[in-house]
Amino acid sequence: MHGLRRLALVALTVALTALTAHAFAKRPSELWSFFHFDGKGFAAGKAGEPFVPFVAVRAGFRPVVETNEERIREVALTEGTGAIAGVCFVQSYGGKLRPAAGYHAVPLLPVPIAAGDKLVTTVDTDGNGFYVAVLPVGTYRVGNQGVEVKVEVGATKLVPLRVGKRMVD
């Protein structure tokens, strides 16, 4: 009987330890800001539809592109760096060339990042057309269009890149 009581106490201790570890492993979503791409630019919040990618941003941490906030992993930025995150897209126009918020993301597209005339790095967009780059503080030209972005310590800049336009009649 004494052995059974000890076994129950050990099982309870293990269960409480596992629950505590699980609680600490979760990332409180209140610490992150969420942005989704609406076809024109980044808008605050997650899109209203499930499985639509969003960018989670937090000062001092690498931005995360995700479709589920439960999977966000904290990765601190290294000292003296900031980040850029964005999406490469082809803009769509509706019938009779009316402006529309429609877009098609461009997956697996190389995004060159340069400082002055020197190529610093090239990152590829993911399967949803999003990219993330961690860079030292400075001013960079992003994409083939050369969009100028100033990277600041611990901060993330959101940079959508329109890489084409599709007209429909």
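The values are calculated or read from the model by the stated rules, or taken from the named source; none is laboratory data. Fair warning: this is a prediction, and the values are worked out from it, not measured in the lab. All Cβ positions, glycine included, derive from the backbone under ideal geometry; neighbour counts span all protein chains shown.
For Thr156, indicate whether it is crowded, with 19+ Cβ neighbours inside 10 Å and in contact with a Cys (Cβ under 9 Å, 6 or more places away or on another chain).
Numbers: crowded, with 19+ Cβ neighbours inside 10 Å: yes; in contact with a Cys (Cβ under 9 Å, 6 or more places away or on another chain): no.
No, not satisfied.
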Single unsatisfied condition, Pro112 versus (1) assigned to a loop (DSSP other than H, G, I, E, B); (2) touching a strand residue (DSSP E or B) at 6+ places or on another chain (Cβ under 7 Å): (1)
Candidates Pro28, Pro53, Pro99, filtered to the one that is of a type outside the set (Asp, Glu), at negative phi and at pLDDT 95 or above: Pro53
Segments classed as strands (runs of 3 or more DSSP E), wholly inside the stretch 38-82, with at least 1 members that are among the aromatic types (Phe, Trp, Tyr) and under 18 Å from Thr125 (Cβ atoms): 42-44, 54-57
Unique match (being free of Cβ contacts under 8 Å to residues at least 60 places away in the same chain, outside any loop (DSSP other than H, G, I, E, B) and among the β-branched types (Val, Ile, Thr)) among Val149, Val134, Val120: Val120
